[in-house]
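Quick note: the coordinates plus some simple rules give every number you see, no bench work behind them. On a predicted model such as this, the values are computed, not experimentally measured, just so you know. Counting neighbours? That spans all protein chains shown, and the Cβs are built from the backbone with ideal geometry, glycine included.
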Amino acid sequence: MTKPDIEQTQPSLDRRGAMGLGLAAAAALSAPAAARAATRQLDPANPDDARLIYRKLRYRTDDGLIFSWIKGPYMAAIDGDLIPMYAINLGSFSRVTQRADGSFELRDLEISFRTDPETGQRLTSFRNPVTGQTLPVVERVQGPNRVIMSPDNHAQISDMPGGPHFELTHYPVRPFAIGQDIAIRDRTHARVTGRDGVSMLNEVSTISGPRAQVLDPAVTSVASRAQSNDVRSFPAWLNMGDRAGHLALFGNGGKVHRFDDLPEDWRAMLHEVFPAIAADPIAALDGRG
């Protein structure tokens with residue numbers, strides 16, 4: 001959930017979910033027209049509703065703040081094996097501002113700490129189990145960044161001075177049912193050109209929320225759950241040389257509506273490393289800190 005996505009296409013539910021929505025729609029036909037308009041659920045098969053579902057699960061459909069987190073290990077995939085490297089404990093906070101043309105502005109600030117995959121303790125140095133080399137761990141604040149999302153949820157990312165350049169490809173997103181939840185599966189490929197050269201990043205996130213909230217047009221944002229996986233080139237700081245292989249994330253997290261609902265251990269690390277941001281995160285997000 002840490003990068004904006006680009007495109008939304010027509011979605012579909014599984015057969016059981018479609019039957020359930022069909023029965024609800026049939027029952028609604030017997031109600032007066034005004035009541036039907038007031039109670040109409042979002043239809044995942046409707047492209048306009050699908051765009052709203054995407055925004056409700058990932059962002060929000062009105063103005064306001066959102067807070068997201070991801071935790072999980074990174075593993076090196078080499079010669080068909082997975083080697084645990086380190087974990088991440090990531091938190092982000094964003095401001096969504098709707099625009100008159102149906103697009104919205106996303107202002108985002110993200111901070112990720114590298115941690116021990118077993119204990120969850122923050123790392124200040126890292127012993128690479130592949131090379132045996134001990135490396136310093138440097139934490140950076142990413143942002144605040146400003147992204148414009150088009151009415152069709154296309155991301156328009158401007159290059160920041162000294163920041164990386166992204167060439168993004170987003171694959172079709174279709175809502176589907178998981179039990180009593182509605183989910184989307186985002187897949188994005190990015191070619192990133194930065195200070196350390198060119199790297200490839202593939203992200204696949206499954207984001208889900210309660211069906212009743214997702215399909216209720218009166219609900220503007222859902223406290224969703226996320227399973228986040230990415231596959232990327234070895235980052236330069238690992239000093240992997242020309243070894244064949246890649247780094248893979250196996251993360252879990254979600255979106256919440258209050259800063260205090262972000263994981264307690266992440267907030268403790270933020271207080272320790274970036275106390276000014278911890279003291280007033282919204283000022284930092286808005287560039288006032």
Once ALA236 and HIS189 are pulled to full extension, the length gained, defined as 0.36 nm per residue separation minus their Cα-Cα distance, is 15.0 nm
Using label points projected 7 Å from each Cα along Cα→Cβ, tell me how many nm separate GLN156 and ARG127, to one decimal.
5.1
Per residue, the convex hull enclosing the alpha carbons of the stretch 15-285 has a volume in Å³ of 149
Length gained, ALA279-THR134, 0.36 nm per residue minus C-alpha separation, equals 48.9 nm
In nm, to one decimal, how far is the modelled label at ASN46 from the one at PHE259, with both set 7 Å along Cα→Cβ?
3.8
Nitroxide proxy distance, nm - points 7 Å out along Cα→Cβ at VAL204 and GLN180
2.8
How big is the dipole moment of the stretch 15-285 about its Cα centre under a simple scheme where the beta carbon of each Lys and Arg is +1, that of each Asp and Glu is -1, and everything else is neutral? Debye, nearest 20, please.
600
